[in-house]
1. Against the definition (outside any loop (DSSP other than H, G, I, E, B), acidic (Asp, Glu) and in contact (Cβ under 8 Å) with a residue 12 or more places away in the chain), how does residue 250 come out, yes or no?
2. State which residue is nearest to residue 349 (Cα to Cα) when the search covers only segment 138-174 and only residues that are of a type in the set (A, V, I, L, M, F, W, C) and part of a loop (DSSP other than H, G, I, E, B).
3. Residues 108, 75, 85: which one is modelled with pLDDT under 95 and either more than 12 Å from residue 139 (Cα to Cα) or of a type in the set (S, T, N, Q) (or both)?
4. Checking the condition under 30 Å from residue 394 (Cα atoms), aliphatic (A, V, I, L, M) and in contact with a Phe, Trp or Tyr (Cβ under 8 Å, 6 or more places away or on another chain), which residue from 326, 243 passes?
5. For residue 40, which of the numbered conditions (1) assigned to a loop (DSSP other than H, G, I, E, B); (2) within 14 Å of residue 344 (Cα to Cα); (3) β-branched (Val, Ile, Thr) fails to hold?
6. Look through 174, 215, 241 and report the one residue that is crowded, with 24+ Cβ neighbours inside 10 Å, within 18 Å of residue 81 (Cβ to Cβ) and not hydroxyl-bearing (Ser, Thr, Tyr).
7. Quickly run through segment 107-127 and pick out the residues that are part of a helix (DSSP H, G or I) and more than 21 Å from the chain's Cα centre (by Cα).
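The values are calculated or read from the model by the stated rules, or taken from the named source; none is laboratory data. This structure is a prediction, so every number in the text was calculated from the model and none was measured. Cβ: placed from backbone, ideal geometry, glycine included. Neighbour counts: every protein chain shown.
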Amino acid sequence: MKKLLVLLCAVSALSAQMKKRQVTDEEVRKVHASAVIFDTHNDVPMRTLGGWDFTARAKDGETDLPRMQQGGMTAQLFAAYVPGAMVTGNRSAHHALEAIDSIKHDIARRAGPGMFFAYTSDDVIKAKKTGQIAAMIGIEGGHAIEDSLRLLRDFYELGVRYMTLTHTNTNNWADSEGDINNPAVKHHNGLTPFGKEVVREMNRIGMMVDISHVADKTFYDVIATSTAPVFASHSSCRALASATRNMTDDMIRALATKQGVINLNFSCDFLSQKSFDASPTRNPELRAKLTAMMSEVADPKERQAKMQAMTAGVKPVRATLADVVAHINHVVKLVGVSHVGIGSDFDGVSCVPIGLEDVSKWPNLTRALLEEGYSADDVRQILGGNMFRFMRSVELARGK
């Protein structure tokens with residue numbers, strides 16, 4: 001109760017200080033240059049796995065090295081995404097290893113002196129001081145460990161610093177939001193006893209626990225089980241866009257009480273109710289087919305082609321930079337400025353907001369937040385300071 005009262009007082013004080021204002025280009029430049037720009041989820045490794053050159057400026061997609069540098073980025077957690085299709089034949093760990101290798105070699109090493117592979121929060125500070133970009137790894141999909149704590153530890157030794165407990169598919173120890181309403185899938189009512197072991201082992205070794213994609217009951221089981229703070233790597237607010245991948249207000253409060261951070265997803269349908277209402281996912285039958293396809297098709301190019309064919313004729317409604325700010329405001333009003341960050345999901349979504357079209361556009365967010373009335377310190381927290389603090393707290397909790 002005491003923690004909640006302190007939290008509510010802090011939120012009220014911040015809200016009272018907020019006032020929209022005009023800002024200069026120089027102010028935006030200074031604040032942006034001083035910030036740690038830390039994005040917690042990017043799916044461009046799906047492209048580099050196919051041999052795509054990350055170091056050249058691309059005409060499509062949202063991510064490449066030149067645009068990351070243009071956007072002033074400090075740290076990027078790249079997703080080692082493991083399609084659910086890999087569960088068949090026990091290919092999940094193999095695919096995860098290939099994705100990890102692509103992040104280390106096709107991205108970090110190939111980038112040269114402008115980027116380095118990072119392991120710790122100290123490396124994020126090093127990147128800021130040296131003007132480089134820290135490249136890190138998060139595994140997306142807990143089926144990657146093939147129900148083995150030994151593989152979980154091996155992935156950590158290879159540099160994996162977070163794991164998203166599920167993707168759109170329920171695995172053998174945790175329920176996913178993606179198929180929770182599918183009666184053909186065996187569900188567990190949240191985490192199984194082994195799933196709780198996974199969370200506790202992640203705490204022990206210092207791997208960040210990511211609750212994006214999990215079913216609501218799984219989320220609350222994680223909150224009850226984890227001894228370290230937990231976070232959402234790429235989720236937004238369900239109160240503003242009713243996608244069930246987003247977090248409810250109660251979930252956001254529980255995450256904040258656990259000293260966690262919600263890093264906002266930039267998918268249009270996660271940001272705007274109008275975008276969500278126009279999304280193919282509003283059709284239950286089509287959504288079920290898309291979810292099944294995502295789990296069955298492993299090749300990124302084939303998956304993209306199938307997705308485009310399945311959604312042909314559906315015109316997306318674009319979200320905007322203002323929608324991103326609205327989600328930030330919502331979190332701040334609920335739990336304070338210390339519990340919100342950015343998890344773009346660039347190169348993993350089919351629609352991104354106007355004004356935040358790619359990784360070069362981060363200064364637009366800095367400007368919008370300053371114009372909204374956030375102080376320079378608040379903006380620095382949102383852009384990456386909160387995530388840096390969160391990562392450090394998980395490191396400090398290691399072994400306890």
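1. For residue 250, the condition - outside any loop (DSSP other than H, G, I, E, B), acidic (Asp, Glu) and in contact (Cβ under 8 Å) with a residue 12 or more places away in the chain - is not met.
2. My answer is 165.
3. One residue alone meets the criteria, 85.
4. Result of the check over 326, 243: 243.
5. (1)
6. 174
7. Selection gives 109, 112, 113, 114, 126.
Per-residue answers, yes or no, for (1) surrounded by 24 or more Cβ atoms within 10 Å (Cβ to Cβ); (2) within 21 Å of the chain's Cα centre (by Cα):
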{"position": "163", "(1), (2)": "yes, yes"}
{"position": "169", "(1), (2)": "yes, yes"}
{"position": "179", "(1), (2)": "no, yes"}
{"position": "193", "(1), (2)": "no, no"}
{"position": "197", "(1), (2)": "no, no"}
